[in-house]
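Input: a single structure, listed below in structure tokens.
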Amino acid sequence: MKGTAKPIYVIGHRNPDTDSICSAIGYAHLKQAKGENAVPARCGKVNNETKYALEYFKVDQPLLLTDLYPRVKDVALECKTVVRQHDTLRHLGEVMRKSEMQSVPVTDSKGELVGIVTVGDLAKRYFLELGLQSLVDMRVRYRDIIQATEAKVLVAGDENDFIEGNIKIAAGSVETTISDLKPKDIVLVGDRSVGTLKKILQAGVSCMIVTGGCRVSPEALAEAAALKTFVLATPYDTYTVGRLLNQCVPIRRIMHPEPICFRPMDLLSDIKGVMDEHRFRSYPVVENNKLVGLVSADEIMLPDRTKVILVDHNERGQAIEGIEDAKIVEIIDHHRLGGVQTSEPIYIHQEPVGCTCTIVANMHWHQDIEIPPSVAGLLLSAIISDTVLFKSPTCTAYDKKTAERLADIAGVDLKEYGLAMLRAGAGIGGKSPTEIAKNDMKEFKIGDYRIIVSQISVMDPKEILDIEGKLIEVMREHCEREGFDMHLLMATDILEEATYLLYAGSPKTLVGEAFKKDASGTHVYLPGVMSRKKQIIPPLSEAVKRIKPQ
């Protein structure tokens with residue numbers, strides 16, 4: 001809910017790998033050190049390799065975000081002004097006057113929402129006033145009268161008792177007034193003689209309200225005490241008291257008992273139609289039956305867009321759902337430019353290195369910001385992962401030098417830790433064919449083709465080839481269901497430094513042309529190939545120009 005500075009989410013691509021997760025944590029640390037409310041986030045499940053690194057360095061997983069579509073929680077205001085269902089209309093009027101609110105939520109004693117009342121409801125009550133209203137059916141208590149009229153109790157009774165009679169005004173002749181009184185009635189009197197007051201009390205009224213600040217004689221008070229009759233003294237005149245008594249009605253009598261409510265996670269796009277239909281000024285926001293805020297129709301027209309910093313990607317197809325509704329403020333990446341559009345100039349830091357975390361680590365050092373051992377360990381883990389312990393052709397001397405410095409800060413043996421982490425992430429483990437096919441999955445637009453390229457590292461590629469048929473079927477179904485032209489899966493042998501490239505969809509000639517292989521089957525063997533970024537995407541991008549001129 002609104003009330004504190006909105007966070008800036010630092011987030012990697014969908015189906016996050018170790019670089020995506022660790023660069024989000026590392027860059028969020030850098031921004032936090034500079035006083036910004038940056039929060040590391042992720043938009044997918046953490047893989048085994050990344051989990052090993054997080055657990056080794058005792059760092060929590062980043063916040064999981066499923067999308068960035070604006071939700072009620074993004075525009076809802078904290079609601080500090082509420083009324084209880086047993087409060088009076090007079091209290092409601094005071095609350096509305098002081099808060100300038102047009103709609104006020106109504107709760108019970110447990111804080112659960114039971115209704116909402118608007119200034120229109122209050123106005124309607126006044127418009128319908130034709131003389132004094134009966135308070136019997138409204139379940140008004142004597143304490144409500146005392147509060148509304150600001151009365152001083154001269155002779156006490158049970159303030160929690162409900163009113164059982166009508167309200168009468170002692171005007172004109174005493175005889176007429178007394179003849180009109182019935183037991184349990186409430187009578188308003190002004191400056192009257194002791195004798196008159198005694199006669200009124202003896203008529204069996206339950207409460208006598210003395211208006212205008214008039215003095216009541218001791219004899220009359222003694223008579224009231226003997227008869228166990230409430231006596232109240234108010235500074236207001238009789239006409240005003242009559243109006244105030246009409247305001248003793250409990251709020252629950254005029255409130256909307258089943259208000260239209262929204263939940264914090266409701267999409268703004270989903271609630272807009274409801275608001276347009278009912279046209280209330282504001283609506284309660286409820287979670288677990290508890291009131292947590294209010295959302296107004298004005299707020300959803302131009303909601304503040306969620307601010308995000310993209311790390312380890314810059315392509316719309318790889319970004320979290322709803323990125324078009326967010327405000328990208330920075331991009332930190334080491335990939336090709338992929339066409340994310342922004343509404344205004346932003347800070348972009350891209351370098352042709354093997355890992356985004358290489359960039360993030362050096363940004364810390366260039367700005368003289370110390371890297372804690374745990375964060376250094378995660379940055380190191382990402383470099384090891386993306387460069388496959390420096391075996392990948394994407395690895396640069398800059399990556400290796402950075403990794404060595406981070407290993408010193410983290411207090412680990414670079415090779416020993418690196419092998420252990422890669423081993424933890426290698427292999428299919430208990431993954432299903434679907435999970436394997438979508439492991440570290442990224443979407444690319446190559447020419448006119450929408451292509452998915454997944455990658456999984458293995459120690460023994462046989463475990464992938466043994467289930468190749470199931471994997472191809474899953475990949476083919478994924479293409480048909482999501483509208484992709486091809487799905488490629490890199491099964492990378494980290495020991496032999498080679499990749500078995502499985503593929504489904506069409507055109508297969510794109511694979512054959514890119515790698516100069518016979519692509520009539522469902523996989524090709526690519527010795528020396530380990531990098532998607534440098535050894536898969538560039539050949540495909542060049543091949544598409546040859547098989548289908550752009």
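Here is how the numbers come out for the structure above:
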| item | result |
| --- | --- |
| Yes/no for ARG252 being open to solvent by 40 Å² or more (accessible area, probe 1.4 Å), basic (Lys, Arg) and over 30 Å from LYS184 (Cβ atoms) | no |
| Residue within region 226-236 that is farther than 29 Å from LEU89 by Cα and either in contact with a Leu (Cβ under 9 Å, 6 or more places away or on another chain) or outside any strand (DSSP E or B) (or both) present | yes |
| Residues that are modelled with pLDDT of 95 or more and open to solvent by 10 Å² or more (accessible area, probe 1.4 Å), drawn from region 496-506 | TYR500, GLY505 |
| Subset tally (residues that are open to solvent by 50 Å² or more (accessible area, probe 1.4 Å), within 16 Å of ARG243 (Cα to Cα) and either part of a loop (DSSP other than H, G, I, E, B) or in contact with a strand residue (DSSP E or B) (Cβ under 6 Å, 6 or more places away or on another chain) (or both)) for region 140-191 | 3 |
| Some residue of region 349-368 being at pLDDT 95 or above, among the aromatic types (Phe, Trp, Tyr) and within 29 Å of VAL529 (Cβ to Cβ) | no |
| Pick from region 474-495, criterion surrounded by 14 or more Cβ atoms within 10 Å (Cβ to Cβ) and charged (D, E, K, R), ranking: nearest to ASP386 (Cα to Cα) | ASP493 |
| Hits in region 397-426 (condition: of a type in the set (Ser, Thr, Tyr) and surrounded by fewer than 18 Cβ atoms within 10 Å (Cβ to Cβ)) | TYR398 |
| Residues that are open to solvent by 20 Å² or more (accessible area, probe 1.4 Å), closer than 29 Å to GLY418 by Cα and not polar (S, T, N, Q), drawn from region 450-460 | MET459, ASP460 |
| Scan of region 500-550 for residues that are out of contact with any His (no Cβ under 8 Å at 6 or more places or on another chain), among the aromatic types (Phe, Trp, Tyr) and assigned to a strand (DSSP E or B), ordered by number | TYR525 |
| Complete set of residues in region 192-218 that are crowded, with 19+ Cβ neighbours inside 10 Å and touching a Gly at 6+ places or on another chain (Cβ under 8 Å) | VAL205, SER206, CYS207, VAL210, THR211 |
| Enumeration of residues in region 88-128 that are among the aliphatic types (A, V, I, L, M), out of contact with any helix residue (DSSP H, G or I) (no Cβ under 8 Å at 6 or more places or on another chain) and part of a loop (DSSP other than H, G, I, E, B) | LEU128 |
| Selection from region 251-287 of residues that are more than 20 Å from VAL83 (Cα to Cα) and over 14 Å from the mean Cα position of the chain (by Cα) | SER269, ASP270, ILE271, LYS272, GLY273, VAL274, MET275, ASP276, GLU277, HIS278, ARG279 |
| Where ALA53 falls short, out of the listed (1) more than 25 Å from PRO373 (Cβ to Cβ); (2) assigned to a helix (DSSP H, G or I) | (1) |
| Pair list, Cβ < 7 Å and 6+ apart or interchain, from region 43-58 residues that are at negative phi and touching a residue at least 40 places away in the same chain (Cβ under 8 Å) to residues that are among the small types (Gly, Ala, Ser) and part of a loop (DSSP other than H, G, I, E, B) | ASN48/GLY429 |
| Residue under evaluation GLU370, criteria (1) part of a loop (DSSP other than H, G, I, E, B); (2) crowded, with 16+ Cβ neighbours inside 10 Å, criterion not met | (2) |
| Residue in region 56-82 that is farthest from the chain's Cα centre (by Cα), counting only those that are surrounded by 20 or more Cβ atoms within 10 Å (Cβ to Cβ) and part of a helix (DSSP H, G or I) | VAL75 |
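The values are calculated or read from the model by the stated rules, or taken from the named source; none is laboratory data. Bear in mind the structure is a predicted one, so any value in this text is a computation, not a measurement. Cβ atoms come from the backbone with ideal geometry, glycine included; neighbour counts cover every protein chain shown. With ligands, DNA and RNA removed, areas are computed over all heavy atoms of the protein, side chains included. Shrake-Rupley method; radii C 1.70, N 1.55, O 1.52, S 1.80 Å.
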